[in-house]
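The values are calculated or read from the model by the stated rules, or taken from the named source; none is laboratory data. Predicted model only: the values in this text are computed from it and were never measured. For neighbour counting, all protein chains shown are included, and Cβ atoms are generated from backbone atoms with ideal geometry for every residue, glycine included.
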Amino acid sequence: MSKQRSNIANFAEQPAKPGNNSHFMKSIVGSVVVILFATAFSLMRSSAEETHPGDMHLYPAASIEWKAGPAALPPGAKMAVLEGDPTKEGPFVVRFQFPEGYHIPPHTHPKTERVTVISGTLYLATGEALDRNSAKKLPAGSFGYWPAGMKHTAWSEGETVIQLHGIGPWQINYVNPADDPRNAKKSP
């Protein structure tokens, strides 16, 4: 082992000789390896800091705080923000609670929408016609996602809770502006 240390020490002390590219290359490779390890360690440390246990939040169903849904949805919906802020840039998770027969008129979103049905049943009709007869039934436990700009309409069967994962800011754009509840409030 001491002979190996001696060889390493001798290698480090040897001056570069003209035309001896081997020594020069070994020095560069050694430096690169040290930099890579330092960078990897730094990234692992910052990743561990991002998932610090102090940042953990748990939401047992009984502790979720429901508030009135946003003005962009027809009255009657309730909403709970679980993570992030759907009005700002960045990822968010919200839950919506819809009463029996709740209907969201045909609309689009500017970003992909990812929905999990927690309880009840959600119906989703897509396409140009938005025909209720061609709707997909999404019972509890279902998951779906649809791309930005896709026209769709949705309604509930029984009290229904959905969880929406998205990238904010969340927006809803109604196909027919007269369906937008925000426009109804502007009328005298």
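Side notes on the structure shown:
- Entirely in region 55-137, the strands (runs of 3 or more DSSP E) that have 3 or more residues that are out of contact with any Leu (no Cβ under 6 Å at 6 or more places or on another chain) and free of Cβ contacts under 8 Å to residues at least 24 places away in the same chain: 78-83
- Boolean, Ser134 is among the polar types (S, T, N, Q) and at pLDDT 95 or above: no
- For region 97-113, a tally of residues being within 19 Å of Val81 (Cα to Cα) and loosely packed, with under 15 Cβ neighbours inside 10 Å returns 3.
- Unmet requirement for Phe143, which otherwise passes all of (1) farther than 30 Å from His57 by Cβ; (2) within 23 Å of the chain's Cα centre (by Cα); (3) exposed (fewer than 13 other Cβ atoms within 10 Å of the Cβ): (1)
- Among residues of region 152-173, those that are over 21 Å from the mean Cα position of the chain (by Cα) and surrounded by fewer than 19 Cβ atoms within 10 Å (Cβ to Cβ), counted: 3
- Test: residue in region 165-179 that is outside any loop (DSSP other than H, G, I, E, B), in the same structural domain as Pro75 (by TED's automatic domain parsing) and more than 16 Å from Ala72 (Cβ to Cβ): yes
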